[in-house]
Amino acid sequence: MQLTVKDVAGLLNISEKTVYRWIDERKLPGYRLSGQYRFNRAELLEWATANRINVSPRIFEEPENGSMPLPELSDALEVGGVFYRLAGKDKPSVLRSVVEVLRLPDKVDREFLLQVLLAREALESTAIGDGIAIPHVRNPIVLHVPQPVVTLCFLEAPVDFGALDGKPVQTLFTLISPTVKAHLHLLSRLAFALRDPGFKSLIIRQASRDEILAEAKRISEALRASATVPRKEAAA
């Protein structure tokens, strides 16, 4: 959905006059069509996050394609890939290495994406404990991609991410989705998988791609199966 100047003003809680001013001064991403500005919801969300600007919760209320099934973790992970021994001695260099290996369309501005990730880390660590981080769990990363992507990266050496448990991070999951709904769905699937002892142990010991993908597929199939069980049978 393409947003108007009026839509953007409402989502950012500013005046329409300020919207026009920010286009020039703060590089608010907009497209001029037939003399009028139009804005992409995903780009607006990323820009606001990078510039630390509060947005209305309504920005997440986007229309979804009802014919498009929600992604499974195993499929998104297979598309995104598993990478080993990524270099980096601190957060900025690690996140740059992650952004460089992400399987994204050529039109995606990787440098801007890196700045978004760095801005989010400056607000709050994305480390979730046990040496794992998910840049970024607080706000979805929504880009123009044909399908959701989950990329798993293992670092060459652990790096301090300011985790609450004090453990340095050696594993990062990065989620890129075409819609907020798909992102939240994948995030819930990943959270479920990380509570599974079998999957978690593979991540901790940095198992092979085939082992990790096979375990992710097992979990996805189990979740699909449980979703098809009638309520009465599941409660029995």
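No lab work stands behind these numbers, since they all come straight from the coordinates. Because the structure is predicted, anything quoted here is derived from the model rather than measured. Quick reminder, even Gly has a Cβ in these numbers, built from the backbone with ideal geometry, and neighbours come from all protein chains shown.
Please state the charge dipole magnitude for the chain, taken about the Cα centre, from unit charges on C-beta atoms (+1 on K and R, -1 on D and E), reported in debye and rounded to the nearest 20.
Numbers: 31 positive and 29 negative charges, 73 e Å.
Dipole size: approximately 360 debye.
How much FRET efficiency would the formula 1/(1 + (r/R0)^6) give for A122 and D196, where r is the Cβ-Cβ distance and R0 is 30 Å, rounded to 0.05?
Working: r = 32 Å, r/R0 = 1.06.
For A122 and D196, the calculated efficiency is 0.40.
Compare R96, R120, R218 in a GNM of the chain, Cα atoms joined below 10 Å, and give the one with the largest fluctuation.
Per the Cα network of the chain with a 10 Å cutoff, R218 tops the list.
Using a simple spin-label model with points 7 Å from Cα along the Cα→Cβ vector, what separation in nm is obtained for F154 and R209?
Each label point is offset 7 Å from its Cα along the Cβ direction, giving 1.3 nm.
If I histogram all Cα-Cα distances within the chain using bins 5 Å wide from 0, what percent of pairs lands in each bin?
1, 6, 13, 17, 17, 15, 11, 9, 6, 3, 1, 0, 0
Please list 3J(HN,Hα) in residue order for the range 112-117, calculated via the Karplus relation 6.51 cos²θ - 1.76 cosθ + 1.60 where θ = phi - 60°; whole Hz, with x for glycine and proline.
5, 4, 4, 5, 4, 5
Less than 17 Å apart at the alpha-carbon level, and either on another chain or at least 8 residues along: which lysines does that give for K6?
Result set, ordered by chain and number: K17.
Filter K181/K217; K167/K217; K91/K200; K89/K217 down to the pairs with a C-alpha to C-alpha distance above 30 Å, please. Before the final figure, lay out the partial values.
Values: K181/K217 21 Å; K167/K217 28 Å; K91/K200 23 Å; K89/K217 33 Å.
In this structure, K89/K217 lie more than 30 Å apart at Cα.
Under 10 Å, Cα contacts only: if you run a Gaussian network model on the chain, which one of E124, E25, E100 comes out with the highest mean-square fluctuation?
Of the options given, E25 has the highest mean-square fluctuation.
Suppose we take every Cα in the range 99-226 and form the convex hull; what volume per residue is that in Å³? Write down the numbers at each step before the final one.
On the way: hull volume 15.0 nm³, N = 128.
So the per-residue hull volume is 117 Å³.
Working from the alpha-carbon coordinates of the range 2-60, get Rg over Rh, Rh being the Kirkwood radius.
For the range 2-60, the value is 0.91.
Can you list the aspartates and glutamates whose alpha carbon is less than 20 Å from that of K27, not counting same-chain residues fewer than 8 positions off?
Straight-distance partners of K27: D7, E16, E43, E46, D109, E111.
Of R189, R205, R52, which has the largest mean-square fluctuation in a 10 Å C-alpha GNM of the chain?
Among R189, R205, R52, the largest mean-square fluctuation in the Gaussian network model of the chain belongs to R205.
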